[in-house]
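Novice: Take a look at this one; I'll ask things after.
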Amino acid sequence: MIYSYLGPAGTFTEAALLQVPSARESERIPAANVNAALEMVRSGEADAAMVPIENSVEGGVSTTLDAIATGDALQIMREALVTITFVLAVRQNIDSIDQIRSVSTHGHAWAQCRGWVESNIPEAEFIPASSTAAGALGLLDEETTHDAAICSPLVAEERGLKILRTEIEDYAGAVTRFVLVTRPGPIPAPTGVDKSTVILPLAEDRPGALMEILEQFVVRGVNLSRIESRPTGGGMGKYFFSVDVDGHLAQERVADALNGLHRVCPNLRFLGSYPAAEGISSSVDAHNSDEAFSKAQDWVSGLRERLTS
């Protein structure tokens, strides 16, 4: 197996990838950005890519949501959760936070440490980086100008960076969710604690359009664990919805919801069913169980057998 991931080495994304047992003994290729990591899979240069999709503080990672919603089809095979903590790494000639004039990091990391920055170095300029590791590695490059970087403790330690402060995140215990993406293929078997992800383009901007989508889940007792709207780029009012549901395609209520969704969103994109990392299943009412759906289908089939030709 060849894996691509949002690099460089030492990112939280690589930590997520290392949760995949086969990845530890396989080739791992860091990519400059999420799109590059996914394009390696689409082109066949990599068998799978690990990319961030959601953060417990900032919500969905828009770059990933957009990249997997368009282009050649992809499939989510599994997810991984990584608890996030940040350190403030600085150049060797920096001894005090009062000397810091600029800080580089990824936008999501900046958002998770904004409160600490505003309280401790309010005048510091934010220099966006493609990843937390990229901002940290810039401290070793004489051509870059930022004084400090917000990054993971791992990349700072591995690169021998000077750490001025630790645990600077605003929310202790923040978690980022990552997904392992491949080209379409066999769907992992249900484990009993699973998720499914679908992309639902809004056919037209009109009253009740979103409700028409949501009711497909509600009437079948399918719980939504995440729903986010993203612009399609086709003009104001043009959106698609990225949705995670509790459940697996093999379960009758989920399959029936997809049937209903296909009627109202014929261009929907199914991104797969896969094991949920948290291992917590949502409760299902008796009338939404597989048995209840099977009995209902058998009953209707019996009625149809009485139809005259």
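Novice: Mind checking which aspartates and glutamates have their Cα closer than 17 Å to the Cα of Lys295? Skip sequence neighbours fewer than 8 apart in that chain.
Specialist: Within the straight-line limit of under 17 Å, Lys295 reaches these aspartates and glutamates: Glu252, Asp256, Asp285, Glu305.
Novice: Among all the aspartates and glutamates, which ones have a C-alpha under 12 Å from Lys195's C-alpha, if same-chain residues fewer than 8 places away are not counted?
Specialist: Partners within reach: Glu79, Asp244, Asp246, Glu278.
Novice: Do the sum for the chain: with -39,500 (n - 2.57) for every DSSP H run of n ≥ 4, divided by all residues, what is the mean residue ellipticity at 222 nm, to the nearest 500 deg cm²/dmol?
Specialist: -8500 deg cm²/dmol
Novice: Right, next: Which residue, chosen from Ser242, Asn267, Ala156, occupies the Cα position most advanced towards the positive end of the dipole of the chain, where the dipole is computed from +1 (Lys, Arg) and -1 (Asp, Glu) charges on Cβ about the Cα centre?
Specialist: Result: Asn267, furthest along the dipole toward the positive end.
Novice: As an exercise, identify the GluC sites (Glu not before Pro) in the stretch 239-307 lying in DSSP coil whose Cβ has no more than 14 other Cβ atoms within 10 Å.
Specialist: Filter output for the stretch 239-307: Glu278, Glu305.
Novice: Continuing with the same structure: Which of rounded, prolate or oblate describes the stretch 1-59 when judged by the alpha-carbon gyration tensor and an a/c cut-off of 1.5?
Specialist: Taking the square roots of the gyration eigenvalues as a ≥ b ≥ c, the stretch 1-59 is oblate.
Novice: Could you work out the equivalent-ellipsoid semi-axes for the stretch 105-161, taking the square root of 5 times each eigenvalue of the Cα gyration tensor, largest first, in whole Å?
Specialist: Equivalent-ellipsoid dimensions as semi-axes: 18, 13, 10 Å.
Novice: Could I ask something else about it? Expressed as a whole number of Å, what is the distance separating the alpha-carbon centroids of the stretch 74-95 and the stretch 247-306?
Specialist: 37 Å
Novice: Which angle from 0 to 90°, rounded to the nearest 10, does the C-alpha axis of helix 252-264 make with the longest principal axis of the chain?
Specialist: Compared with the principal axis, the helix lies near 90 degrees.
Novice: In addition: If you take the square roots of the eigenvalues of the alpha-carbon gyration tensor of the stretch 168-309 and sort them as a ≥ b ≥ c, do you get rounded (a/c under 1.5), prolate (a/b over b/c) or oblate?
Specialist: It is oblate, given that a/c is not under 1.5 and a/b is not larger than b/c.
Novice: Taking the alpha-carbon centroid of each part, what is the distance from the stretch 130-167 to the stretch 171-204 in angstrom?
Specialist: What the calculation gives is 31 Å, centre to centre.
Novice: Here's a follow-up. Measure nothing fancy, just the Cα-based angle from helix 209-218's long axis to the longest principal axis of the chain, in degrees from 0 to 90, nearest 10.
Specialist: Taking Cα atoms only, the helix is inclined about 70 degrees.
Novice: Would you mind calculating the relative contact order of the chain from Cα pairs under 8 angstrom and at least 6 residues apart, reporting the percent as a whole number?
Specialist: This gives 20 percent for the chain.
Every read-out reported here was derived from the displayed coordinates using simple, explicitly stated rules and does not represent laboratory data. No experiment lies behind these values; they were computed from the predicted model shown. Note that we place each Cβ from the backbone using ideal geometry, even for glycine, and neighbour counts take in every protein chain shown.
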